[in-house]
Amino acid sequence: MSEYQYYEFQALDRPLTPAEQKAVSRLSSRVDPHPTRAVFVYHYSDFPGSPEGILAKYYDALFYIANWGSVQLAFRFPKSLLDVTQIAPYCVEDYLRYEEVDDYVLLSFERQDEPSGEWVEGEGSLDELIPLRQAILTGDYRVLYLAWLVGAEEGGWLEDDAAEPPVPDGLQSLTAPLQTFIDLFGIDPQLLQVAAAGSRQRKATPAPDLSQAIAALSPQEQQAWLLRLAQGEANLSLQFNRRRPLPQRAGQSAAARTVGELREKAEALRQAETARRRAAAAAKRAQEMEALALKENDIWRWVHQLIDQKQARAYDEAVTQLLKLKQLAAYQGQTDEFQARINGLYTQYSRRPGFTDRLRNAMSK
């Protein structure tokens, strides 16, 4: 199977200038200049230079996926809009990290897995994940916690006694972008269930009284904000609201948990789920065998009728029915009786090797 690597960049806060578009297009002859998006697909080569360097210089979002199990989602934020002291508790090496570059903060989610063998497709994924950037800007750190949870599951960097970071509200009711993130980064459902038990319900934030806030500004301040608005400055509403404290979104669970506790409870859930599935499978099999037992005599008669047709397809069907009867005999504890009847078929139809050879081969497996 050939290699597949997909890189997509998107500009959200402002479009690229013609000069910037031209600079990006020099990275590959297959990329057409575009003010807000660039896509690079590789099958036998790799991205020239640093994808995160391109993100830091031109774009606000990056998505990367490869068919050998690598996936990365990265966002660029203005430093003035992201409090890295709130981000830091969720960072786990190889899974979530941030880097300050000039006037920006780059936040990167990553995971390296063994290739699944399934077809990998990157097109459209970033569009589904873009809302997570705005969520982070407004203090919704659920995706940060989910990234930390990936690290907690893997166990490479977090010891059992490591403390859980602040648990965001709303882990029981995940948005579509968060679910897409879970699907791409492969979070264990039992671990997520345990984590969500320590999360409060997410409450709607009351809308601020903007009229009162604007009226409190001096005429000079009002004019300055209007000028910035007219100039198309990105994230201006966020910056205006940052003049007042943001509501605290990430509420800590009543009793802080450790990584070991989360893993232990997740394993208990996993074992309970395994036991439930086994019990359900056993009940289903018992139901199937009881239904088969009611038709056992009819099936034996049908087998003889099929053999008497002296046709290859009829022989195959006869063997299929006999294999079902073999399972029924094992379920009923009548294996010896079943084998005696099979031996009788060998004797009765010894001159029909087309059937007996098929039967012998099926019974030996």
task: Using only Cα atoms, locate the centre of region 127-164 and the centre of region 10-74, then give the distance between them in Å, rounded to an integer.
output: 24
message: Sorting check: for 139-147, 306-314, which peptide has the highest mean count of neighbouring beta carbons within 10 Å, and how do the rest follow?
response: 139-147, 306-314
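Mind running the shape call on region 80-185? Use the C-alpha gyration tensor, a ≥ b ≥ c as the square roots of the eigenvalues: rounded below 1.5 for a/c, prolate if a/b tops b/c, oblate otherwise. Before the final figure, lay out each step's value.
Details: a/c = 1.39, a/b = 1.11, b/c = 1.25.
Cα axes put region 80-185 in the rounded bin.
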- prompt: Got a sec? Charge dipole of region 48-191, +1 on Cβ for Lys and Arg, -1 for Asp and Glu; which of 146, 189, 50 is way out at the positive end?
  reply: 50
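Strictly over 19 Å apart at the Cα level, which of 324/365; 295/365; 284/365; 22/57; 295/324; 310/365 would you flag in this model? Let's see the in-between values first.
Values: 324/365 14 Å; 295/365 24 Å; 284/365 24 Å; 22/57 13 Å; 295/324 11 Å; 310/365 24 Å.
Checking Cα-Cα distances, 295/365; 284/365; 310/365 exceed 19 Å.
Can you pull out the GluC sites (Glu not before Pro) in region 40-142 whose DSSP state is coil and whose Cβ has at most 12 other Cβ atoms within 10 Å?
On the way: sites: 52, 93, 99, 100, 110, 118, 121, 123, 128; in loops: 93, 118, 121, 123.
Passing both the DSSP loop test and the Cβ count: 93, 118, 121, 123.
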task: Please work out whether region 1-120 counts as rounded, prolate or oblate from its C-alpha gyration tensor, where a ≥ b ≥ c are the square roots of the eigenvalues and a/c under 1.5 means rounded, while otherwise a/b larger than b/c means prolate and anything else oblate?
output: oblate
- request: Within 10 Å, count the other beta carbons around each residue, average over each peptide in 167-180, 348-361, and list them highest first.
  value: 167-180, 348-361
- line: Sorted by chain and number, the residues with a modelled amide H under 5 Å from that of residue 105, at a separation of 5 or more or across chains, are 77, 79
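Take peptides 16-28, 63-75 and line them up by average Cβ neighbours within 10 Å, highest first, as a rough protection proxy.
Details: 16-28: 14.6, 63-75: 20.8.
The most tightly packed comes first, giving 63-75, 16-28.
The numbers here are math on the coordinates, done by the rules we state, and not lab data. None of these values were measured; they are calculated from a predicted model. No Cβ is skipped: glycine too gets one built from the backbone with ideal geometry, and neighbour counts run over all protein chains shown.
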